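**Q** Starting off with a structure, shown below.
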Amino acid sequence: MTAFLHALKRAVVLLLALLASIMAALVAPGSTFALLVYSLSACLVLFGLIDLFQRGNAVIRNYPVAGHLRFLAYRMRPFLRQYIVEDDLEGTPLSFEARNLVKARASGETDTQPFGSERAMDADGYVWLSHSIAPVEEPDSDPRVRVGNDQCRQPYEASVLNISAMSFGALSARAIEALNLGAAKGGFYHDTGEGGLSDYHLKHGGDLVWELGSGYFGARDRQGRFDPESFRDKAQQEAVRMTEIKLSQGAKPGHGGLLPAAKVTAEIASVRQIAAHRDCLSPRGHSVFSSPVGLLEFAARMRELSGGKPVGIKLCVGQPHEVMALMKAMLKTGIRLDFIVVDGAEGGTGAAPLELSDWVGMPLNEGLAVVRNALEGSGLRHHVRLAASGKVYSGMGIAHNLAMGADWCNAARAFMFSIGCIQSKRCHLGTCPTGVATQDRWRQRGLVPAVQGERAARFHRKTIEALVDITAACGLTHPADLQPHHLAIRTGAAEAKPLDELQHFLPEGILLEDPQSTQYAEFWEAADPDSFAPRIDLTERRVSIDTRNTGLFT
């Protein structure tokens, strides 16, 4: 009896609908209202009976009709959290404060804040910049970085904030066009991503960094191998200022990628030099090289084919000995990269396996420190520029990364926000409501490149102005002058220290002169310029060595 009563409770919506149908049919069969009630309740009865006898979902089978409310709430949860529940600072991947700041700057609204900071300044991890009693009156208002060492014939003057890699295919044609228009108006560069060099990248003449990933899209033959002639013809175009080899990205390092057949339109297929309407796979690794020396030889070849333009790599840092191996390869061959872009594990993508996004790869701060120390310790820092990418959206974010050792920053999601993205997280579904990350032409219609391009340029300009203000407040002329000691980090309720006391920054040449005195000793010893594999047993070595009471990231 008790079980029967519980079953009736679970089916209460179905039973009430059935009762309403009977009453409407019996009480007022000629009434319009009764007909409306009958129609609605009869539909619910039919709906409930289907739920009761379907086998695909246990909740709906046990709770006919009512069970759907659970799934409605489930689908609405992200939107309710984003717009109602979350406070300004806790949203992820980027907070409401971040999104609102970008929107305000992009649209020309005020970006000032009344009544003081909302941040908990006594919380562990709070970071601040130490200002000067004597601020600079006229700092550099358009800070630039010269990229290109003595092996490069066409160096490039880069802005300290640029558009990070986002491919045509992942983003819509109109989004690519808007971003490039913004780059042209604002005087900064636009990284193409690994999806090839499209007409939309070239339409407005904005500076480009052409990225080549493991699929060599836009510069490949029918077998998917690198095609030097195709690369040369595109790389020598005036708009292409630099080229970049993508080794990995923060959101899914070591994974490659897949653009599903539904998104591979004839136009995208033409740009990528692949078959239309078929899955487009980016392999996990490159086929052109398999060693650090091989990578550098390929980079040198790209530099020559492009007409002497700067060439660099992008990677999410993983095993430190591999970074050290690249340093040794540059020392061995004499071939030097013009730049290295470090992509933090907090980077985003249209879609990635949860485990890779959450748990694989170094976050930006730690990865940036490893590469900075490798370059400085091996004496190569003067030849190779260093860039940082990962959740950059403000002048403070740029200042923080430059103080850590970067020369400039790249941002992807911030520029997406500037052209209309609302963080709906539908990038992988093709149903982006703002037309930014979809190939649906009707959805793209809402994005007007002429309008959104201006917004991207305005966001860049306002953010650089904020960075310049920070630089002047610190008593400096150029943000490149920021150093680790300008950053202070709270380590407890009653204690804070400069960054250079919390994190170890190597002096120039120390890995060549005395690597054993550093926390990278075993990684430097393991590094092999002719192989990405360690040349010693790191497991055995790290068990037996004296750790010198200093961790890798402290």
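The values are calculated or read from the model by the stated rules, or taken from the named source; none is laboratory data. Fair warning: this is a prediction, and the values are worked out from it, not measured in the lab. Note: ideal-geometry Cβ built from the backbone for every residue, glycine included; neighbour counts use all protein chains shown. Keep in mind that these areas ignore ligands, DNA and RNA; they rest on the heavy atoms of the full protein, side chains included. Shrake-Rupley method; radii C 1.70, N 1.55, O 1.52, S 1.80 Å.
**Q** Which residue, of GLY224, GLY218, is open to solvent by 10 Å² or more (accessible area, probe 1.4 Å) and farther than 16 Å from LYS314 by Cβ?
**A** When all the criteria are applied, what remains is GLY224.
**Q** The conditions are (1) at pLDDT below 95; (2) within 27 Å of CYS316 (Cβ to Cβ), and THR110 fails exactly one of them. Which is it?
**A** (2)
**Q** Continuing with the same structure: PHE168 versus (1) open to solvent by 40 Å² or more (accessible area, probe 1.4 Å); (2) farther than 25 Å from LEU402 by Cβ; (3) within 23 Å of the chain's Cα centre (by Cα): which is the lone unmet condition?
**A** Among (1) open to solvent by 40 Å² or more (accessible area, probe 1.4 Å); (2) farther than 25 Å from LEU402 by Cβ; (3) within 23 Å of the chain's Cα centre (by Cα), PHE168 violates only (1).
**Q** Of all residues in segment 66-106, which are surrounded by fewer than 13 Cβ atoms within 10 Å (Cβ to Cβ) and among the hydroxyl-bearing types (Ser, Thr, Tyr)?
**A** TYR74, TYR83, THR92
**Q** Let me ask something additional. Checking the conditions here, which among GLY186, GLY205 is in contact with a His (Cβ under 9 Å, 6 or more places away or on another chain) and either buried (at least 24 other Cβ atoms within 10 Å of the Cβ) or not β-branched (Val, Ile, Thr) (or both)?
**A** GLY186
**Q** Which of (1) touching a Phe, Trp or Tyr at 6+ places or on another chain (Cβ under 6 Å); (2) at pLDDT below 85 does LEU89 not meet, given it meets every other one?
**A** All conditions pass for LEU89, except number (1).
**Q** Quick one: count up the residues across segment 242-262 that are touching a helix residue (DSSP H, G or I) at 6+ places or on another chain (Cβ under 8 Å) and either part of a strand (DSSP E or B) or open to solvent by less than 30 Å² (accessible area, probe 1.4 Å) (or both).
**A** Result for segment 242-262: 7.
**Q** What number of residues within segment 227-236 satisfy the criterion of being open to solvent by less than 90 Å² (accessible area, probe 1.4 Å) and either touching a residue at least 60 places away in the same chain (Cβ under 8 Å) or at positive phi (or both)?
**A** Filtering segment 227-236 down to residues open to solvent by less than 90 Å² (accessible area, probe 1.4 Å) leaves 227-228, 230-232, 234-235.
Now drop any that are not either touching a residue at least 60 places away in the same chain (Cβ under 8 Å) or at positive phi (or both), which leaves 228, 231-232, 235.
Count: 4.
**Q** Condition first: polar (S, T, N, Q) and either loosely packed, with under 12 Cβ neighbours inside 10 Å or within 24 Å of PHE459 (Cβ to Cβ) (or both). Now tell me which residues in segment 107-157 satisfy that.
**A** If the condition is that a residue be polar (S, T, N, Q) and either loosely packed, with under 12 Cβ neighbours inside 10 Å or within 24 Å of PHE459 (Cβ to Cβ) (or both), then SER107, THR110, THR112, GLN113, SER117, SER141 are the ones that fit.
**Q** If you go through segment 432-481, how many residues are open to solvent by 60 Å² or more (accessible area, probe 1.4 Å), among the β-branched types (Val, Ile, Thr) and farther than 18 Å from LEU402 by Cα?
**A** 2
**Q** Can you tell me how many residues in segment 287-316 are touching a strand residue (DSSP E or B) at 6+ places or on another chain (Cβ under 6 Å), open to solvent by less than 10 Å² (accessible area, probe 1.4 Å) and of a type in the set (A, V, I, L, M)?
**A** Of the residues in segment 287-316, 4 are touching a strand residue (DSSP E or B) at 6+ places or on another chain (Cβ under 6 Å), open to solvent by less than 10 Å² (accessible area, probe 1.4 Å) and of a type in the set (A, V, I, L, M).
**Q** Considering only segment 222-241, I want to know if a residue exists there that is assigned to a loop (DSSP other than H, G, I, E, B), modelled with pLDDT of 95 or more and among the aromatic types (Phe, Trp, Tyr).
**A** no
**Q** Assuming LEU16 fulfils every condition listed in (1) part of a helix (DSSP H, G or I); (2) of a type outside the set (D, E, K, R); (3) touching a Leu at 6+ places or on another chain (Cβ under 7 Å) apart from one, which condition is it?
**A** (3)
**Q** So which helices (runs of 4 or more DSSP H) stay within segment 500-546 end to end and still have 3 or more residues that are farther than 26 Å from LEU487 by Cβ and open to solvent by 40 Å² or more (accessible area, probe 1.4 Å)?
**A** 538-544
**Q** Go through segment 266-286 residue by residue and tally those that are surrounded by fewer than 16 Cβ atoms within 10 Å (Cβ to Cβ) and assigned to a loop (DSSP other than H, G, I, E, B).
**A** Counting residues in segment 266-286 that are surrounded by fewer than 16 Cβ atoms within 10 Å (Cβ to Cβ) and assigned to a loop (DSSP other than H, G, I, E, B) gives 8.
**Q** Follow-up question, since we're still on this one. Applying the selection to segment 84-132, what residues are free of Cβ contacts under 8 Å to residues at least 24 places away in the same chain, aliphatic (A, V, I, L, M) and within 23 Å of ALA403 (Cα to Cα)?
**A** Listed by number, the list holds a single entry, ALA120.
**Q** I would also like to ask the following. Within segment 287-315, work out how many residues are part of a loop (DSSP other than H, G, I, E, B), more than 21 Å from ARG146 (Cα to Cα) and modelled with pLDDT of 95 or more.
**A** Residues flagged as part of a loop (DSSP other than H, G, I, E, B), more than 21 Å from ARG146 (Cα to Cα) and modelled with pLDDT of 95 or more within segment 287-315 amount to 4.
**Q** Taking HIS485 as meeting all but one of (1) modelled with pLDDT of 95 or more; (2) assigned to a helix (DSSP H, G or I); (3) more than 29 Å from the chain's Cα centre (by Cα), write down the number of the exception.
**A** Checking HIS485 against (1) modelled with pLDDT of 95 or more; (2) assigned to a helix (DSSP H, G or I); (3) more than 29 Å from the chain's Cα centre (by Cα), the one that fails is (3).
**Q** What are the residue pairs meeting all of these: first residue in segment 534-554, first residue within 16 Å of VAL323 (Cβ to Cβ), second residue modelled with pLDDT of 80 or more and among the hydroxyl-bearing types (Ser, Thr, Tyr), Cβ atoms under 9 Å, and 6 or more apart or on different chains?
**A** LEU552/TYR520
**Q** I've got another one for you. Only one of GLY116, GLY125, GLY148, GLY186 is more than 20 Å from ALA473 (Cα to Cα) and at pLDDT below 95. Can you tell me which? Please lay out each step first, then the result.
**A** Details: GLY116 fails: more than 20 Å from ALA473 (Cα to Cα); GLY148 fails: at pLDDT below 95; GLY186 fails: at pLDDT below 95.
When all the criteria are applied, what remains is GLY125.
**Q** Let me ask something additional. If you check every pair at least six apart or on different chains, which have Cβ atoms under 6 Å apart with a residue in segment 48-62 that is closer than 18 Å to LEU15 by Cβ first and a residue that is in a loop (DSSP other than H, G, I, E, B) second?
**A** If the second residue must be in a loop (DSSP other than H, G, I, E, B), the pairs left are GLY48/PRO64; GLY48/VAL65; ASP51/PRO64; LEU52/PRO64.
**Q** Please find, among ALA494, ALA473, ALA526, the residue that is aliphatic (A, V, I, L, M) and touching a Lys or Arg at 6+ places or on another chain (Cβ under 7 Å).
**A** ALA526
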